[in-house]
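Asks: Following this message is one structure expressed as structure tokens.
The values are calculated or read from the model by the stated rules, or taken from the named source; none is laboratory data. Treat the numbers as computed from the prediction; the structure is a model and nothing was measured. Glycine also receives a Cβ, built like all others from the backbone with ideal geometry; neighbour counts cover every protein chain displayed.
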């Protein structure tokens, strides 16, 4: 078993490195990008990768590297934002359901079941029609769909933990319900919740880039935030026959980011939640 | 058993009703109407159009009209394709989507089972590591990236297959691979890990102690027991295939229901959006129902409950 651990640990470390690179790109894009966002160069249209344009240029003469660096902001904002919204919503819902128990629990989990049975991609699309095709709208839409996962995990953990002896003794000592919930049960569910959090970031990034790729994701061409990797990939897909470099880099960015977060999630699960392995 | 079936059916109907109501409300609140166009239409024309599609009625009346229509299998007229009903469009495009999704599912099951079994049997060997590394990559590879990669490599570079057609068996291969890859990877690694977990159970030790060969232990004792977690994910997996199919239909320009859905979303063709959403939900509900039934088949304990 030990010999199997070593390469995996290396992979987790590499993934952590890549994720931090994406973070750096997202935070420092205006400073590290070689060209200005939205800068067009008419004489530099559809250049293949070279020393002056590491990832080439697109059909309007924009530097692809610059666009990919800025795109990291969209992906990370969507990934982290969705994860946070569904964490807050789902965990508190699950905590309450698990802690209340009985009919409350039954009713609340029925609602979760209904949400769970919905085709989530369609719900994103419907909600994004309502909230508009901007980052905020997409965050709300993705968060509203993915909170159920947190609710199920949190509830399951509470149900397990609240029967344990130390909770019983806290109750016997006269601790209030709020104190038991926050001080005794919460710390014990943090591990699984963090693992779920790490896995929900890449699924949000995947959903966002897929929607943008099929042309119904974020639609804000003049945003100073940068353009989604999914949109870049769609641009590149149209020109793929003659200029494959235009899709290769954004697609690789999406794939590697999702892969890194997933690997990181597996590493964290081994570390924080060995029971689930 | 009939009670379980009844309960599940009622739950499915409830989900469908919730989805119908939610889509109805969402799309009526959503900004931007179906008749917003670049060229301003005269208000009289808009009023006429709205009267034709009953958009001038109070909301609850529209809702009842809509629900009544669903019960009779009438999903209303399309706002975009003026001479066609939503039911008609769906009836025409759904079979294509089902063929694609069904083939992808079949592919996933046919490949994932041998691979998962093999990986579990030779656990921690080179074969196991290779299979599981490929599976880990497959789970993280978005299907539009894989689709583009396959088109580039197989169709454009090697010229083995043509793209942009949907007429014979060879045009199905690439879309099927694209759609089936992630489910295959997911099923294979799930099967491997449940099998390995099962291998440490007491009944497996008993089987070994009887002197059965390892391959027989896996095939006869561990495999059946490992089917339960695999079945559990079949429902969500069917959902992933359904929603994945409209990305794949977009990438490969396949005339299925998903592609119509995407256009309908950009056109704000409300009845078509609602119709497709309902059909997808209904298929999902059916998939979950079938899984539940298979479940009680494989695991007698569930039947007793």
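Asks: Taking residue A:254 as meeting all but one of (1) in a helix (DSSP H, G or I); (2) more than 11 Å from chain B (Cβ to nearest Cβ), write down the number of the exception.
Replies: (2)
Asks: Oh, and also: Can you find a residue in the stretch B:92-102 that is touching a residue at least 12 places away in the same chain (Cβ under 8 Å), farther than 20 Å from residue B:283 by Cα and either within 14 Å of chain A (Cβ to nearest Cβ) or under 22 Å from the mean Cα position of the chain (by Cα) (or both)?
Replies: The answer is no, given that none of the residues of the stretch B:92-102 is touching a residue at least 12 places away in the same chain (Cβ under 8 Å), farther than 20 Å from residue B:283 by Cα and either within 14 Å of chain A (Cβ to nearest Cβ) or under 22 Å from the mean Cα position of the chain (by Cα) (or both).
Asks: Only residues that are surrounded by 10 or more Cβ atoms within 10 Å (Cβ to Cβ) and under 22 Å from residue B:230 (Cβ atoms): list them for the stretch B:198-217, please.
Replies: Selection gives B:198, B:199, B:201, B:203, B:204, B:207, B:214, B:215, B:216, B:217.
Asks: Could you look through the stretch B:265-277, keep only residues that are part of a helix (DSSP H, G or I) and at the interface with chain A (Cβ under 10 Å from one of its Cβ atoms), and pick out the one that is surrounded by the fewest Cβ atoms within 10 Å (Cβ to Cβ)?
Replies: B:266
Asks: Can you work out which of the residues in the stretch A:232-249 that are in contact (Cβ under 8 Å) with a residue 40 or more places away in the chain and more than 10 Å from chain B (Cβ to nearest Cβ) is surrounded by the fewest Cβ atoms within 10 Å (Cβ to Cβ)?
Replies: Only one residue fits best here, namely A:239.
Asks: Would you mind telling me which numbered condition in (1) surrounded by fewer than 18 Cβ atoms within 10 Å (Cβ to Cβ); (2) over 29 Å from residue B:254 (Cα atoms) residue B:117 fails?
Replies: The number of the failed condition is (1).
Asks: Within the stretch B:203-225, identify whether any single residue is within 14 Å of chain A (Cβ to nearest Cβ) and in contact with a helix residue (DSSP H, G or I) (Cβ under 9 Å, 6 or more places away or on another chain), and answer yes or no.
Replies: no
Asks: Next question. Return yes or no: is residue A:130 surrounded by fewer than 19 Cβ atoms within 10 Å (Cβ to Cβ) and within 14 Å of chain B (Cβ to nearest Cβ)?
Replies: Yes; evaluated as a whole, the condition is true for this residue.
Asks: Out of A:195, A:145, A:167, report the one residue that is within 30 Å of residue A:73 (Cα to Cα) and at pLDDT below 85.
Replies: Just one listed residue meets the conditions, A:145.
Asks: Return yes when residue A:227 is buried (at least 20 other Cβ atoms within 10 Å of the Cβ) and either outside any loop (DSSP other than H, G, I, E, B) or without any contact (Cβ under 8 Å) to a residue 12 or more places away in the chain (or both) and no when it is not.
Replies: Spelling it out, it is not the case that residue A:227 is buried (at least 20 other Cβ atoms within 10 Å of the Cβ) and either outside any loop (DSSP other than H, G, I, E, B) or without any contact (Cβ under 8 Å) to a residue 12 or more places away in the chain (or both).
Asks: Within the stretch B:72-91, take every residue that is in contact (Cβ under 8 Å) with a residue 60 or more places away in the chain and in a helix (DSSP H, G or I) and give me the one that is surrounded by the most Cβ atoms within 10 Å (Cβ to Cβ).
Replies: Looking at residues that are in contact (Cβ under 8 Å) with a residue 60 or more places away in the chain and in a helix (DSSP H, G or I), I get B:86.
Asks: If you don't mind, another one. State all residues of the stretch B:240-257 that are more than 9 Å from every other protein chain (Cβ to nearest Cβ), under 16 Å from residue B:176 (Cβ atoms) and assigned to a helix (DSSP H, G or I); if no residue qualifies, say none.
Replies: B:241, B:245, B:248, B:249
Asks: Would you check if residue B:173 is without any contact (Cβ under 8 Å) to a residue 60 or more places away in the chain, assigned to a helix (DSSP H, G or I), more than 13 Å from chain A (Cβ to nearest Cβ) and touching a helix residue (DSSP H, G or I) at 6+ places or on another chain (Cβ under 9 Å)?
Replies: So residue B:173 fits the description; yes.
Asks: Output yes when any residue across the stretch A:61-84 is touching a strand residue (DSSP E or B) at 6+ places or on another chain (Cβ under 9 Å) and touching a residue at least 24 places away in the same chain (Cβ under 8 Å), and no when none is.
Replies: Yes: one or more hits.
Asks: Within the stretch A:153-163, is there a residue that is part of a helix (DSSP H, G or I) and within 14 Å of chain B (Cβ to nearest Cβ)?
Replies: no
Asks: Looking at (1) within 24 Å of the chain's Cα centre (by Cα); (2) farther than 22 Å from residue B:240 by Cβ; (3) assigned to a helix (DSSP H, G or I), which is the one condition that is false for residue B:163?
Replies: Just one mismatch for residue B:163, condition (3).
Asks: Does residue A:175 meet the test of being outside any helix (DSSP H, G or I) and either within 11 Å of another protein chain (Cβ to nearest Cβ) or at pLDDT below 85 (or both)?
Replies: Criteria met by residue A:175.
Asks: Based on what the data block shows, is residue B:153 in a helix (DSSP H, G or I), modelled with pLDDT of 85 or more and crowded, with 17+ Cβ neighbours inside 10 Å?
Replies: Considered against the rule, which asks whether it is in a helix (DSSP H, G or I), modelled with pLDDT of 85 or more and crowded, with 17+ Cβ neighbours inside 10 Å, residue B:153 comes out as no.
Asks: Kindly indicate the residue of the stretch A:257-277 that is away from every other protein chain (no Cβ under 11 Å) and surrounded by 20 or more Cβ atoms within 10 Å (Cβ to Cβ) and also modelled with the highest pLDDT among those meeting that condition.
Replies: Ranking the candidates gives A:264 first.
Asks: So for the stretch A:99-110 (the condition being away from every other protein chain (no Cβ under 13 Å) and not in a helix (DSSP H, G or I)), does at least one residue qualify?
Replies: The answer is yes; a qualifying residue exists.
Asks: Residues in the stretch A:161-188 that are under 18 Å from residue A:104 (Cβ atoms) and touching a helix residue (DSSP H, G or I) at 6+ places or on another chain (Cβ under 9 Å): how many?
Replies: Summing the residues that are under 18 Å from residue A:104 (Cβ atoms) and touching a helix residue (DSSP H, G or I) at 6+ places or on another chain (Cβ under 9 Å) in the stretch A:161-188 gives 6.
So that you can scan it fast, the table gives a plain yes or no per residue for (1) within 14 Å of chain A (Cβ to nearest Cβ); (2) on the phi > 0 side of the Ramachandran plot; (3) free of Cβ contacts under 8 Å to residues at least 24 places away in the same chain:
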residue	(1), (2), (3)
B:117	no, no, no
B:128	yes, no, no
B:135	yes, no, no
B:141	yes, no, no
B:155	yes, no, yes
B:177	no, no, no
B:185	yes, no, no
B:201	no, no, no
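Asks: I would also like to ask the following. Within the stretch B:290-300, can one find any residue that is part of a helix (DSSP H, G or I) and within 13 Å of chain A (Cβ to nearest Cβ)?
Replies: Yes, the stretch B:290-300 has at least one match.
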